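Worksheet for the structure shown next.
The values are calculated or read from the model by the stated rules, or taken from the named source; none is laboratory data. In this text the structure is predicted, and so the values were computed from the model without any measurement. Glycine also receives a Cβ, built like all others from the backbone with ideal geometry; neighbour counts cover every protein chain displayed. The area values use the complete protein model at the heavy-atom level, side chains included, leaving out ligands, DNA and RNA. Shrake-Rupley method; radii C 1.70, N 1.55, O 1.52, S 1.80 Å.
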Amino acid sequence: IGLDVDDVIFDTSGAVSPAIEAAKDERLAKYKLDIARGDASIPEVKEFWQNGAIQILKNAKPKPGAAEVIRRLRENGNKIVLITARGEKNFPGTVAVNEKVLRDAGIEYDEIIYDSPDKVDACRENEVEIFVDDSPKNCVAVRQELGIPVIGFESDITREGLREAGVLSVNNWEELEKKLLGGINE
């Protein structure tokens, strides 16, 4: 099972708003959604993340039930591969912080793939059979290119996009566990 980290395991977008306010840069308000989505193609967004990623990652709270559900999935024989855009390439210093917040949150995993904003290759190379992400773009790309089941993890930012893309989605870890254990019906 391949799992994205931001806005799947951690409420990263919930930590973005306070960081934007703390930056005291009025330009950032118009990029709030782009920042929450991590759109590094916009120079102001990329700069914001390069300057504030570590603090945001430290402040992002684990989503309720994530650690427990992941633990049960592993106990049922599933291999858990975390696939994240976090990493030294785009966000220097985030690997150590990421490993600490995962450890502190009790998140177990078998492997972690860093610096992977495009999830298709990471899923292919790690033989992922089911993929969970909050990004409609990533869910659609993995489903189309690899033909594996995908589940969208909804947030205020992605809910509409996931639904428009026809991605089977869930709102919380309890729903995700039911889908994963009960069979995915897309």
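Quick rundown of the values:
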{"quantity": "Listed pairs Lys30/Lys61; Lys30/Lys100; Lys32/Lys58; Lys24/Lys100; Lys32/Lys137 exceeding 21 Å between Cα atoms", "calculated": "Lys30/Lys61; Lys30/Lys100; Lys24/Lys100"}
{"quantity": "Total charge dipole magnitude, region 142-183, about the Cα centre, Cβ charges on Lys, Arg, Asp, Glu only, Debye to nearest 20", "calculated": "160 debye"}
{"quantity": "Set of lysines near Lys179 by C-alpha distance (under 20 Å), chain-local residues within fewer than 8 positions excluded", "calculated": "Lys63, Lys79"}
{"quantity": "Three-way shape call for the chain based on the alpha-carbon gyration tensor, with the a/c threshold at 1.5", "calculated": "prolate"}
{"quantity": "Å² per residue, accessible surface of the chain at 1.4 Å", "calculated": "51 Å²"}
{"quantity": "Cα pair count fraction exceeding 17 Å, expressed as % - region 1-57", "calculated": "31 percent"}
{"quantity": "Within the accessible area of region 1-149 (1.4 Å probe), percent carbon and sulfur", "calculated": "47 percent"}
{"quantity": "Whole-number percent relative contact order across region 67-186, with pairs defined as alpha carbons under 8 Å at least 6 apart", "calculated": "20 percent"}
{"quantity": "Top of Asp11, Asp104, Asp133 by mean-square fluctuation, Gaussian network on the chain, Cα under 10 Å", "calculated": "Asp104"}
